[in-house]
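Report on the following structure.
Throughout, read-outs are computed from the coordinates displayed, never taken from laboratory work. These numbers come from a predicted model, not from an experiment. In this analysis, Cβ positions are derived from the backbone assuming ideal geometry, glycine residues included, and neighbour counts consider all displayed protein chains.
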Amino acid sequence: MSQPDADLQKRAAALEAELSALAKREASYRAKMVQEFADRGERNTYMHSLREEIAALVKRGQEASSDIEVLTRKLEAELARSAALSAELDAVKRSLSWRVTAPLRRFASDIQATPRPAAARLIEHSPADGAPFTYYLHTSPFRIYRGSTFTLRGWAWPEDGRSVTAVRANIDGRLFPGRHGIDEAEVLARYGPQPANSSPGFEITFETPEGRHVLGIEAQLSASEWRTVMRTTIWCEPDGRA
Amino acid sequence: MSDEAHERWQGTTTALGGRSDYKRVWDRQAAEYDVASLAVGGFIGEDTLERRAEATIETLRAIVGIRPNDVILEIGCGIARVGKPLSHLCLHWVGADISGEMLKHARRRLEGCGNTTLVELATVGLQELPSDSFDLVYCTIVFMHLFEWDRYRYVQEAFRVLTPGGRAYFDNFPLDSDHGWQIFTQGAQYTLGRRPAHLSMSSSREELRTYLSRAGFERIRIDDLPNGLISVSGHKAAAA
């Protein structure tokens, strides 16, 4: 082989190596582009789901505002009624007949002061004593209850480190057992492990008969005593009977 | 026929069952790994998976070639049966599947394979992937589970995402091989109301050739494979 041919072959081999390296760089660039394109798509999907969550929260906020408005009107009506009743009572107490019959009422009062047997218990189950809990309710109990039943979801553990062995709702003394031991991985990630309550989630479905009630969420600790996690007044107006 | 009558007629037609709901059909089958493995390849053991994957890779090597600098896309990668070993032979392997559940298994199997990417497809098509990006697009043991329109959609999309000069490969079973006829007769045993949504349906050579031809591919080639399947391959014209 002559010298010029050998040089040419050497140059061709060098060019080929350069071309191959270039092809590899170009392919790497495309692979990166595909990765970024797919990542962007995933981010877009995530953004979309976040927007949907925001829309749902805005809707819940609007519903809550509407409930507050209705409750405010009820409160105003109750205050007006209370003021009217107070005025009526004052008028009665100022009347001549009230003053004339005062000795009779005193006599009746003396008779009633005599001890009598205890009145029958009005409620089936008294609320359990309270205790400090760390808790959160995923479904807010502060609303007007419009269905015939309602399901509350949340998580809780007592601050004294005991385990929750059962949960229930107490509506004016009526008990509704719930389900507990539901995983709450995000909660544990935030608050740290809870050795006695590794699955602190719960879910309780209870009836919501028309009217005003006292709702208590109660937890049984270490399979013995019941303690109240939280208590609040609720107002139920099942659909069609509001 | 008036528009109003046309509308009423459309309202009376019945949906073609759940087959088109590919995401639901395959997510359900992929809930557990062994069932997913059975659903995508008819076998469970890792050894068998690898052996069958090697056979597929040999077919790809013989028909469309596999090069070290290739950026490769598999349509309907399932649990990455082929992708796992193939990723060692190319620059980058991308697995796309409509079933997010299948991809969970694939992700686990591909741990340690840095040159791989998994993409969950929202629906039929490759809208999650950019144009002119891949040197090789292949789709194996997938067409039998798709309606014809969707098979063609993937061929069209493969053409779009291929670089100029890129290669494509698709396969299915034909009726005129013993293996194909066996699958057909097994499917025929289902009663009308019990046909599963994923029931395998054949392709003819002309059908596959037509898809690639209509999508714009060149140098289209049909091959009869030793395992009783037929394949179609083609090239996207190189840039002038």
Q. Taking springs between alpha-carbon atoms closer than 10 angstrom, which of A:87, A:12, A:55 fluctuates most in the Gaussian network model of chain A?
A. A:12
Q) What is the average number of partner chain Cβ atoms found within 10 Å of a Cβ in B:130-138? A) 3
(Q) Output the 0 to 90 degree angle, nearest 10, between the alpha-carbon long axis of helix A:3-94 and the longest principal axis computed from the alpha carbons of chain A. (A) 10 degrees
Q: Please order B:26, A:226 by the number of other Cβ within 10 Å, starting at the fewest.
A: A:226, B:26
Q: Among A:136, B:239, B:22, pick out the residue whose Cα is farthest towards the positive end of the charge dipole of the protein assembly as shown, where Lys and Arg carry +1 and Asp and Glu carry -1 on C-beta, about the Cα centre.
A: A:136
Q) Based on Cβ point charges of +1 for Lys and Arg and -1 for Asp and Glu, what charge dipole magnitude is obtained for the range B:150-240 about its Cα centre, in debye rounded to the nearest 20? A) 340 debye
Q: Ignore the peptide's own chain and count Cβ atoms of other chains within 10 Å of each Cβ in A:34-43; give me the average, rounded.
A: 5
(Q) Using +1 at the C-beta of Lys and Arg and -1 at the C-beta of Asp and Glu, which of B:212, A:170, B:173 has the Cα lying farthest in the positive direction of the dipole of the protein assembly as shown? (A) A:170
Q: Could I have the simple spin-label model distance between residue B:58 and residue B:209, label points 7 Å from Cα toward Cβ, reported in nm to one decimal?
A: 2.7 nm
Q: Rounded to the nearest Å, what's the spacing between the alpha carbon centres of the range B:188-240 and the range A:165-242? Just the number, please.
A: 58 Å
Q: Lys and Arg at +1, Asp and Glu at -1: add these up for the other residues within a Cβ distance under 13 Å of residue B:177 and post the number.
A: -4
Q) Based on the Cβ-Cβ distance of residue A:44 and residue A:8, what FRET efficiency does E = 1/(1 + (r/R0)^6) give at R0 = 41 Å, to the nearest 0.05? A) 0.20
Q. Stretched out fully, how many nm does the piece from residue A:109 to residue A:230 gain, at 0.36 nm a residue minus the Cα gap?
A. 39.6 nm
Q) Mean separation of Cα pairs under 8 Å and 6+ residues apart, divided by the residue count of chain B: what relative contact order is that in percent? A) 17 percent
Q: Read phi for every residue in the range B:45-53 and hand back ³J(HN,Hα) as whole Hz from Karplus 6.51 cos²θ - 1.76 cosθ + 1.60, θ = phi - 60°, with x for Gly and Pro.
A: x, 5, 4, 5, 4, 5, 5, 5, 5
Q. What net charge do the residues around residue B:99 carry, taking every other residue with its C-beta under 10 Å from that of residue B:99, with Lys and Arg at +1 and Asp and Glu at -1?
A. 0
Q | Furthest towards positive pole of dipole, B:40, B:191, A:103, structure part the protein assembly as shown, Cβ charges | A | A:103
Q. Cα-Cα over 23 Å: which of B:23/B:236; A:24/B:236; A:32/B:84; A:32/B:23?
A. B:23/B:236; A:32/B:23
Q. If you take the square roots of the eigenvalues of the alpha-carbon gyration tensor of the protein assembly as shown and sort them as a ≥ b ≥ c, do you get rounded (a/c under 1.5), prolate (a/b over b/c) or oblate?
A. prolate
Q | Cα-centre dipole for the range B:66-149 with unit charges at Cβ (Lys and Arg positive, Asp and Glu negative), debye to 20 | A | 400 debye
(Q) Sort B:181, A:157 by Cβ crowding within 10 Å, fewest neighbours at the top. (A) B:181, A:157
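Please compute, for peptide A:21-33, the average count of beta-carbon atoms on other protein chains lying within 10 Å of each residue's beta-carbon. Please list the in-between numbers first.
Details: counts 1, 0, 5, 3, 1, 3, 12, 5, 2, 9, 13, 2, 5.
Across A:21-33, the average partner-chain Cβ count within 10 Å equals 5.
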Q) For the pair residue A:138 and residue A:199, what calculated FRET efficiency results from E = 1/(1 + (r/R0)^6), where r is the Cβ-Cβ distance and R0 = 22 Å, to the nearest 0.05? A) 0.90
Q | Environment charge at residue B:54 (Cβ cut-off 14 Å; Lys +1, Arg +1, Asp -1, Glu -1) | A | +1
Q. Which FRET efficiency value, to the nearest 0.05, do you get for residue B:21 and residue B:179 by plugging their Cβ-Cβ distance into 1/(1 + (r/R0)^6) with R0 = 41 Å?
A. 0.90
Q: Loop sites only, by DSSP: take the GluC sites (Glu not before Pro) in chain B that have at most 12 other C-beta atoms within 10 Å and name the longest stretch containing none of them.
A: B:112-240
Q.
Nearest 500 deg cm²/dmol is fine: what mean residue ellipticity at 222 nm does chain B get from its DSSP H runs of n ≥ 4 alone, each adding -39,500 (n - 2.57), divided by its residue count?
A. -12000 deg cm²/dmol
**Q.** About the Cα centre, charge dipole magnitude for the range B:124-180 (Lys/Arg +1, Asp/Glu -1 at Cβ), debye
**A.** 160 debye
Q. If you rank A:86, B:37 by fewest surrounding Cβ atoms within 10 Å, what's the result?
A. A:86, B:37
(Q) Can you give me the angle between helix A:102-112 and the longest principal axis of chain A, using Cα atoms only, in degrees from 0 to 90, rounded to the nearest 10? (A) 70 degrees
